[in-house]
Each structure stands twice: as C-alpha cells, then as structure tokens.
Amino acid sequence: TREDAPALFAEIHHHLGVIYSEIPDEAKKKSIWAAVSSSSFQEALQYFTQENDPYNYALICNSFGNALTKYPAAVHSDNIAKALFYYQEALNIRTAHQYPLERTLTLLNYLEAAWNLSLPEDDFHLDHYTGMVEKAREVLELTDDPLFQQRAQQHLDKLDALKAIYQNA
C-alpha cells in the first residue's frame, strides 16, 4: 500500500502507467486505458517529485511523455502538448553534464513528438522550429552513437525541408 511502502507503491504505478499505455485494444477502449495510465503516472509523480527524487521524477516524466504520444486524441486537450511539457520537465533535470545518455534519449523523444503537435499549417512557427533545431543539434553534440546521430540528422533534414517549403510558399 501507499502507507506501507510508498516508494515501491509509486514505482509500481510508474510501471503500470507504461503498461496501460501499451495495452492493445479496440479504439473505443484505448481512451479508458489512457485514463488509467495517466492516473498511474500521476500517482507515481505524487511520490517522486522534482524536489525529493529528481532522477526518478525525470524518469517518470519521460515515460509519461512517451505514453501521452500513444494515447488516442483527447477532446479537451492536446496530448502531444502535454507530452512535450513532460519531456521538458525531464530535460530540466537530465542535464548534459550529469545525464548525457538520458538527456539524449529525452531529446529524441521530444523531437519525435514535436512533429505531431497541433499547429496551424498556414503559418511557419519559428519558435517551434528553432526549438526543434536546437534539440537536434544538441543530440549531435552529446553523443557519438551512430544511431542517435542518424536520428538527429534525419530531424534536421526534415526541418530544413519544412523551412524550404515555407520559404517558397
């Protein structure tokens, strides 16, 4: 229980949040699983806070961001915007100096999600574009892993192509 073993209870809820977000089911039931998953992540974040356990807080924020990208579209909110918020929370803790691998993974997760953010298509969103470019370049600086380098470069190539489309429009 939460009272008997609060850290273990929170850790279990973190893992349940991940599991619930990945349960294969029919579309109508996916929103129920998403709600249960979200509740589990919130439960974990009540114990693992930024102040008392920043490492686990960042870990859960990254996992919650990943889960949000898998949830079905929400009626009253943008799951991708929420995912980006949680990735940014993780990035605030996962510094390049202390956690270079974890930061790299979160940066790549952020970039993947950022492509799906609901933005009006009739306008070039310079702030969003610039933020994505900065994150992709940071990955290139943080790691020599060829797979991570390739993924970051693919994002930069797509961003260059996107910018060219708006400049020619």
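The values are calculated or read from the model by the stated rules, or taken from the named source; none is laboratory data. What you are looking at is a predicted structure, and each value in this text was computed from that prediction instead of being measured. Heads up, the Cβs are rebuilt from the backbone with ideal geometry, glycines too, and the neighbour counts pull from every protein chain shown. Protein only, heavy atoms only, side chains kept; ligands, DNA and RNA dropped before computing areas. Shrake-Rupley method; radii C 1.70, N 1.55, O 1.52, S 1.80 Å.
For the chain, the share of accessible area belonging to carbon and sulfur comes to 54 percent (1.4 Å probe, ligands and nucleic acids excluded). Farthest toward the positive end of the dipole of the chain, out of 168, 85, 32, is the Cα of 32, where the dipole comes from beta carbon charges about the Cα centre. Computed from backbone phi with θ = phi - 60° and the Karplus coefficients 6.51, -1.76 and 1.60, the 3J(HN,Hα) list for the range 54-61 is x, 4, 5, 4, 5, 4, 5, 4 Hz; x is used for glycine and proline. For the range 1-155, the dipole from Cβ point charges (+1 on Lys and Arg, -1 on Asp and Glu) about the Cα centre works out to 280 debye, to the nearest 20. In order along the range 13-25, phi translates into HN-Hα couplings of 5, 4, 5, 5, x, 5, 4, 4, 6, 10, 5, x, 7 Hz, rounded to whole numbers, per the Karplus curve 6.51 cos²θ - 1.76 cosθ + 1.60 with θ = phi - 60° and x for Gly and Pro. Short-range pairs are left out: with C-alpha atoms under 8 Å and at least six residues apart, the relative contact order of the range 1-147 is 18 percent. How high is the FRET efficiency between residue 52 and residue 149 when r is their beta carbon distance and R₀ equals 35 Å, given to the nearest 0.05? For R0 = 35 Å, the calculated efficiency reads 0.50. Here the mean projected area of the convex hull built on the C-alpha positions of the chain is 11.5 nm². Residues within the reach of a label modelled at residue 137 (point 7 angstrom out along Cα to beta-carbon, backbone nitrogen below 16 Å), restricted to the range 154-168, are 154-161, 163. Find how many whole Å separate the alpha carbon centroid of the range 4-39 from the alpha carbon centroid of the range 66-145. Each part's Cα centre sits 22 Å from the other's. Using θ = phi - 60° in the Karplus curve 6.51 cos²θ - 1.76 cosθ + 1.60, the 3J(HN,Hα) couplings for the range 123-133 round to 9, 7, 9, 4, 4, 5, 4, 4, x, 5, 4 Hz; x is entered for Gly and Pro. The label point for residue 115 and the one for residue 160, both projected 7 Å from the Cα toward the Cβ, are 1.6 nm apart.
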